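Here the structure comes first, spelled out in structure tokens, and everything after it is commentary.
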Amino acid sequence: MVGKICGTGSYVPPHVMDNDDLAKIVDTNDEWIRERTGIGKRHIIEEETTSYMAGQAALRAVEQSGIDPEEIDMILVATSSSETIFPCAACEVQRTIGATHAVGYDLNAACTGFVLAFNTAQAYISAGFCRTVMVIGADSMSTLIDWTDRGTCILFGDGAGAVILRAQDGNPVCMAAHSDGKKGPALTQLSRHRKGWENEQNKESYIHMDGQGVFKFAVRKVPEIIEEVLEKAELKLDDIDYFVLHQANRRIIEAAAKRLKVSMDRFPVNLEEYANTSAATVPILLDELNRDGRFREGQKIMLAGFGAGLTWAACLFEW
Ligand code: UT7
């Protein structure tokens with residue numbers, strides 16, 4: 001059995017901050033941000049929350065798929081910024097969409113979270129445990145960043161994306177996933193719920209990142225894992241219609257495409273509009289491409305994510 005996408009949805013908050021707005025807060029400018037990252041603006045929550053955005057994306061996916069929410073067996077939400085530790089965001093989504101027969105849980109692997117949740121859902125479907133799974137990536141990165149640190153605050157935005165997978169006869173998808181815990185310090189966000197946090201410097205409670213270290217890791221590991229999945233699938237780069245990568249920095253995507261010697265035409269990018277929404281980048285982009293009518297039945301799509309942990313993962317599936 002294999003999980004086929006039967007509906008997608010996404011939600012971003014209406015409040016927009018462009019690069020000029022950021023230049024009023026930190027020492028930066030539109031030209032630097034565009035040139036170094038490809039980012040033009042980001043959507044930022046006001047009253048909304050991570051699970052609210054996840055629920056809205058899920059409702060849109062349900063509407064597009066035409067399925068009855070009671071058919072959903074499982075809801076997985078990839079997030080590292082839910083407004084509650086518990087109940088998990090997935091149970092909030094269950095309530096929002098009325099998926100009364102589903103089990104829901106969250107999965108945290110930062111920016112790699114959605115691809116890992118997608119792989120997890122595919123594994124449940126292939127094993128015959130589930131028939132219909134909602135997979136969501138949702139993050140409110142604006143609640144985690146230090147708005148006085150120009151090295152990180154320019155990169156991130158808020159949003160959520162969702163896909164619904166339905167079991168169909170067919171071979172399981174090809175996937176791969178890795179972690180390197182030794183490189184964990186390259187990208188950290190300490191929990192505000194740890195003992196003694198209130199006595200520490202407030203700055204400790206925000207994202208810390210070795211930008212160049214993460215950049216180099218991504219440029220090396222993304223092409224590697226794509227090749228790994230292709231080898232398992234006994235396919236070639238030319239067989240892939242779209243490479244849907246985690247949207248962290250346009251230059252990372254360009255460098256990965258160059259290493260693989262694949263034209264950027266097959267690497268869609270939407271950083272200009274949304275910036276890096278962490279676990280939400282891949283499903284938001286999938287929803288955009290789907291609603292633009294870019295996908296055709298039988299096309300081969302490679303997902304690849306990378307991020308804190310450090311973690312990286314990929315999945316090859318047919319539309
Ligand atoms: O989801 C995964 C999350 N993380 C990532 O994907 C991050 C990956 N890394 C990156 O995207 C890039 O490393 C950054 C965009 C974070 C930084 O770009 P960079 O080309 O690596 O810049 P840099 O850190 O080497 O800084 C170059 C210069 C420095 O000035 P000097 O020392 O050359 O005078 C920085 O101080 O740019 C300066 N700079 C800025 N200038 C204007 C750093 N941040 C900014 C800024 N505005 N926001």
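Every residue, every condition in (1) within 16 Å of the ligand (Cβ to nearest atom); (2) surrounded by fewer than 20 Cβ atoms within 10 Å (Cβ to Cβ), yes or no:
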| position | (1), (2) |
| --- | --- |
| Phe118 | no, no |
| Ile125 | no, no |
| Gly128 | no, yes |
| Met134 | no, no |
| Leu144 | yes, yes |
| Trp147 | yes, yes |
| Cys153 | yes, no |
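List every residue pair whose Cβ atoms lie under 6 Å apart, where the two residues are 6 or more positions apart in sequence or sit on different chains, the first residue falls within segment 220-231 and is closer than 10 Å to Arg259 by Cβ, and the second residue, located anywhere, is assigned to a helix (DSSP H, G or I).
Hits for this filter: Val222/Ala256; Pro223/Ala256; Pro223/Arg259; Pro223/Leu260.
Under 6 Å between Cβ atoms, which residue pairs at least 6 apart in sequence (or on different chains) link something in segment 86-115 that is more than 29 Å from Ala218 (Cα to Cα) with a partner that is within 16 Å of the ligand (Cβ to nearest atom)?
So the pair list comes out empty.
Only residues that are surrounded by 18 or more Cβ atoms within 10 Å (Cβ to Cβ), of a type outside the set (A, V, I, L, M) and within 12 Å of the ligand (Cβ to nearest atom): list them for segment 242-273, please.
Within segment 242-273, His246, Gln247, Asn249, Arg250 qualify.
Just checking, how many residues over segment 85-113 are within 20 Å of Ile45 (Cα to Cα) and at pLDDT 95 or above?
Adding up the residues that qualify gives 8.
Name the single residue, out of those in segment 64-87 being surrounded by 23 or more Cβ atoms within 10 Å (Cβ to Cβ) and of a type in the set (Val, Ile, Thr), that is farthest from Ile136 (Cα to Cα).
Ile72
Within segment 1-57, which residues are free of Cβ contacts under 8 Å to residues at least 60 places away in the same chain, within 16 Å of the ligand (Cβ to nearest atom) and among the acidic types (Asp, Glu)?
Asp18, Asp20, Asp21, Asp30, Glu31, Glu35
How many residues, within segment 16-51, are of a type in the set (Asp, Glu), under 16 Å from Gly157 (Cα atoms) and out of contact with any Gly (no Cβ under 9 Å at 6 or more places or on another chain)?
Number satisfying all stated conditions: 5.
Given (1) of a type in the set (Asp, Glu); (2) out of contact with any helix residue (DSSP H, G or I) (no Cβ under 9 Å at 6 or more places or on another chain); (3) on the phi < 0 side of the Ramachandran plot, identify the lone condition not met by Glu254.
Result: Glu254 passes all but (2).
Among the residues that make up segment 210-231, is at least one of them more than 30 Å from Leu190 (Cα to Cα) and in contact with a helix residue (DSSP H, G or I) (Cβ under 7 Å, 6 or more places away or on another chain)? Give the steps one after another, and end with the answer.
First, pick out the residues of segment 210-231 that are more than 30 Å from Leu190 (Cα to Cα): 226-231.
Those left that are additionally in contact with a helix residue (DSSP H, G or I) (Cβ under 7 Å, 6 or more places away or on another chain): 226, 230.
Yes: one or more hits.
The values are calculated or read from the model by the stated rules, or taken from the named source; none is laboratory data. The structure presented is a predicted model; accordingly, all values stated were derived computationally and were not measured. Here the Cβ is made from the backbone with ideal geometry for all residues, glycine too, and neighbour counts use every protein chain on show.
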